[in-house]
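Student: Take this structure first; my questions come after.
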Amino acid sequence: MKQWEFEPRLTRSPPLKAAILWGDPSLVEIYADRYLNALRGDLSVLKLYYDEFNLNAAQAHISSPGLFSDGNLLVARIDKKTDAKVISSLLEIVKKNAASYMLFIYEAEDAKAKLASFERGEKGGEFYAVVRFYPPKTIEAVKTLIDAAAKKGLELGDAQARHLLKMNENNLSFALSDLSKLEIYDKTGSSLIDFVGAGYSDGDCFRLIAALVDKRPFYGELESLFLRTDNEMEILLELIRSFRQLFSFFCAMRLGEESRDFLGYALPKDIDEARKKLASRFRRPQWVYIFETLSALEFSFKQSETREKRSLLYAALIKFQTNIL
């Protein structure tokens, strides 16, 4: 089922008993919220995300008659290949139990092949929908950003929405994330969008660190950061935060934990994998030296004249690339 086919089914009464969503992460999140908002009554919710998913617990929850609520809702997120029988068993229970609903978000690589049979099956029934979301075209992404901003009480014009998308390499997920940052300031504007929207741009600190590790020229990455701000201390502090996050990735991989365990939220899968890969390039002794050097540089910044700070930053990065990394 396509997005436009799913739209009218969200407002139909009674609501769909189950929705299986996959595809573009940003649109999946938007329509997952819309599906949940379409459900009525006081539902008992069980959320099983990624490694927390347990089939027995899921089946038990949606099999319950819902004695202390208006019904039961299972919200599951899976990013590993899962036997189709798991999904079909849950759908069977939801179909038979009038008090149960399910939102199943499938993020595994075999989604297209695995969900094809369910998509064919739902065309003959009315109780569930399988929806694939394709990356939105620019005009669709702009409208989505403007609508999302309006819900947050922000006035975002067409030009500003396009600028925010451009800052995030036309990735709607990242642009929507930056709206939350704009909400903190309770205003919009090109300069503010430049400031908050550079987190995943070409000039962000993770790309700078990647260039250092790969022994590639890093001057272009650093100059991109200077286009956002002339304050060398701001760039240094962002660099320190980025290294700290990479160190958290480094530790988590050795403890068998996921990034959402220490970040408190799930990064987009491609970003998560890229940061794991970058963190794995470091050896344990290097971290101590890195943070000692960055701390010393921060102290030097506080003691130095403004005109000296940029030279100090360049010198430190060259030292990183040649002697540390």
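Read-outs throughout are calculated quantities, based only on the coordinates presented, and are distinct from any laboratory measurement. Just so we're clear, the structure is a prediction, and the values are computed from it rather than from any experiment. Virtual Cβ from ideal backbone geometry, glycine too; neighbours counted across all protein chains shown.
Student: Which pairs break 31 Å Cα to Cα here: Lys2/Lys152; Lys95/Lys143; Lys96/Lys152? All intermediate terms of the calculation are to be shown ahead of the outcome.
Tutor: On the way: Lys2/Lys152 27 Å; Lys95/Lys143 35 Å; Lys96/Lys152 39 Å.
Cα-Cα > 31 Å for Lys95/Lys143; Lys96/Lys152; rest within.
Student: In addition: Mind jotting down the distance between the C-alpha centroids of segment 1-60 and segment 211-234, whole Å?
Tutor: Between the Cα centre of segment 211-234 and that of segment 1-60, the gap is 42 Å.
Student: Quick one: putting +1 on the C-beta of Lys and Arg, -1 on the C-beta of Asp and Glu, what dipole do you get for segment 3-133 around its Cα centre, in Debye to the nearest 20? It would help to have the intermediate numbers written out before the result.
Tutor: On the way: 17 positive and 18 negative charges, 79 e Å.
That gives segment 3-133 a dipole magnitude of about 380 debye.
Student: A 25 angstrom limit on the alpha carbon distance is what I want to check against. Which of Lys151/Lys276; Lys137/Lys269; Lys47/Lys114; Lys81/Lys277 exceed it? Provide the component values of the computation, followed by the final result.
Tutor: Working: Lys151/Lys276 34 Å; Lys137/Lys269 21 Å; Lys47/Lys114 22 Å; Lys81/Lys277 21 Å.
Beyond 25 Å between Cα atoms: Lys151/Lys276.
Student: Is the shape of segment 1-113 best called rounded, prolate or oblate, per the rule: a/c under 1.5 gives rounded, else a/b larger than b/c gives prolate, else oblate, with a ≥ b ≥ c the square roots of the Cα gyration tensor eigenvalues? Intermediate values should be presented prior to the final figure.
Tutor: Details: a/c = 1.74, a/b = 1.11, b/c = 1.57.
Taking the square roots of the gyration eigenvalues as a ≥ b ≥ c, segment 1-113 is oblate.
Student: Cα to Cα, under 25 Å, and not fewer than 8 places away if on the same chain: which lysines meet these conditions relative to Lys302?
Tutor: The qualifying lysines are Lys319.
Student: Follow-up question, since we're still on this one. Which of the peptides 15-26, 231-242 is most tightly packed, and how do the rest follow, judged by the mean count of other Cβ atoms within 10 Å per residue? Display every interim value, and only then the final one.
Tutor: Values: 15-26: 21.8, 231-242: 17.0.
Per-residue mean Cβ counts within 10 Å order the peptides as 15-26, 231-242.
Student: Putting +1 on Lys and Arg Cβ atoms and -1 on Asp and Glu Cβ atoms, find which of Leu48, Ser88, Leu156 reaches farthest to the positive end of the dipole of segment 22-162.
Tutor: So the residue we want is Ser88.
Student: Calculate one ³J(HN,Hα) per residue across segment 2-10 by plugging θ = phi - 60° into the Karplus curve 6.51 cos²θ - 1.76 cosθ + 1.60, and present them in order as whole Hz with x for glycine and proline.
Tutor: My calculation for segment 2-10 gives 8, 4, 5, 6, 6, 3, x, 6, 6 Hz in order.
Student: 5 Å is the cut-off here: which amide hydrogens, built 1.01 Å from N in the peptide plane, fall below it relative to Ser100, excluding neighbours closer than 5 in sequence?
Tutor: Close amide H contacts, sequence-distant or interchain: Asn72.
Student: To the nearest 20 Debye, how big is the dipole of segment 205-324 about its Cα centre, given +1 on the beta carbon of each Lys and Arg and -1 on that of each Asp and Glu?
Tutor: Numbers: 20 positive and 17 negative charges, 81 e Å.
It comes to approximately 380 debye.
Student: Still on this structure, I have one more. Would you pull out the residues with amide H under 5 Å of Asp79's amide H, same chain only if 5 or more places away, H placed 1.01 Å from N?
Tutor: Tyr50, Glu107
Student: Using modelled amide H (1.01 Å from N, peptide plane; none on Pro or chain starts), what sits under 5 Å from the amide H of Val130, excluding residues fewer than 5 places away?
Tutor: Amide H to amide H, under 5 Å and 5 or more residues apart or across chains, Val130 pairs with Ile20.
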